[in-house]
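Every number in this text was worked out from the coordinates using simple rules, so none of it is lab data. This structure is a prediction, so every number in the text was calculated from the model and none was measured. Ideal geometry is used to build each Cβ from the backbone, glycine not excepted, and the neighbour counts take in all protein chains shown.
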Amino acid sequence: MTMISVQIEDFDFPLEYQQLRERCPQSGAIVMFSGLVRDFSENTHVSSMTLEHYPGMTENVLNHIAQQAKLRWPLDGIRIIHRVGELFAKDQIVLVGVASAHRIAAYEASQYIMDILKTEAPFWKKESTQTEQGEAGERWVDAKTSDSKQAADWTQTVK
């Protein structure tokens, strides 16, 4: 069972957990991860972030990432939600939920999905910022070298 959503609306973390648990009653472990919009980046205050995506393509890439995780680990269910539109500091931006018979598979698959999502999913992020001197601005967010390294490490790990 894999469910993918790209949406403007916020998500209800406890509800998503409960639904994954109900859809995967045989599972012995559920790992849930929620990412938040940070209020800082490159020594500036981030007041909001606008996320754009390519509808259809984005969902296909997220589904492909989930299917790759299922090939690597024995998973009972995956839930991925990624928000788009304008989000503010501390808003929930992403949710990854993974259900499996065992905790190690759930932990590793959850981390894998997030690491690959950060580098392969077609999202474009623009931050609205303010410096310590009060200067407002906007900038497109580039991919981070650390994210690329994290994703590359998975290609070297064979399960």
Worksheet item: Using the alpha-carbon centroid of each, what span in Å lies between the range 67-87 and the range 1-34?
Response: 10 Å
Worksheet item: If packing is taken as the mean number of other Cβ atoms within 10 Å per residue, what is the order of 14-25, 127-138, highest first?
Response: 14-25, 127-138
Response to the item:
Relative contact order of the chain (C-alpha contacts under 8 Å, at least 6 apart) in percent is 31 percent
Discussion item. Please report the antiparallel percentage of the DSSP beta bridges confined to the range 2-156, to the nearest 5.
Written reply: 85 percent
Worksheet item: Using the per-residue mean of other Cβ atoms lying within 10 Å as a proxy for protection, in what order, highest first, do the peptides 145-156, 66-77 fall?
Response: 66-77, 145-156
Worksheet item: What does the convex hull of the Cα atoms of the chain come to per residue, in Å³, rounded to a whole number?
Response: 106 Å³
Item to complete: Take Leu117, Leu62 and order them by how many other Cβ atoms sit within 10 Å, fewest up front.
Response: Leu117, Leu62
Discussion item. 5 Å is the cut-off here: which amide hydrogens, built 1.01 Å from N in the peptide plane, fall below it relative to Leu87, excluding neighbours closer than 5 in sequence?
Written reply: Met49, Thr50, Leu51
